[in-house]
1. Taking only pairs six or more apart or across chains, which ones have beta-carbon atoms under 6 Å, a first residue in segment 1-21 that is more than 23 Å from residue 44 (Cβ to Cβ), and a second residue that is modelled with pLDDT of 95 or more and surrounded by 12 or more Cβ atoms within 10 Å (Cβ to Cβ)?
2. Out of all the residues in segment 12-35, which are at pLDDT 95 or above and loosely packed, with under 13 Cβ neighbours inside 10 Å?
3. For segment 36-69, how many residues are closer than 30 Å to residue 1 by Cβ, at pLDDT 90 or above and exposed (fewer than 10 other Cβ atoms within 10 Å of the Cβ)?
């Protein structure tokens, strides 16, 4: 957390992208500061919300149901 902010600010790490965060919503000062950086992108747990991912999940679910019967 705090080290990530330090490295993002000093350029040792060029960017940070994630669909999760340490606290949700962010509450620590370093988290809030990190969210304001141009080289940080946090999505609200939407990484698996593509058509392709949802299709794979549906197929896996159906296969699990079939294989359990």
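1. Cβ pairs passing all conditions: 7/13.
2. The answer is 12, 14, 15.
3. 2
The values are calculated or read from the model by the stated rules, or taken from the named source; none is laboratory data. As the structure is a prediction and not an experimental result, all values here were calculated from the model. Methodologically, a virtual Cβ is constructed for each residue, glycine included, from the backbone with ideal geometry; neighbour enumeration extends over all protein chains shown.
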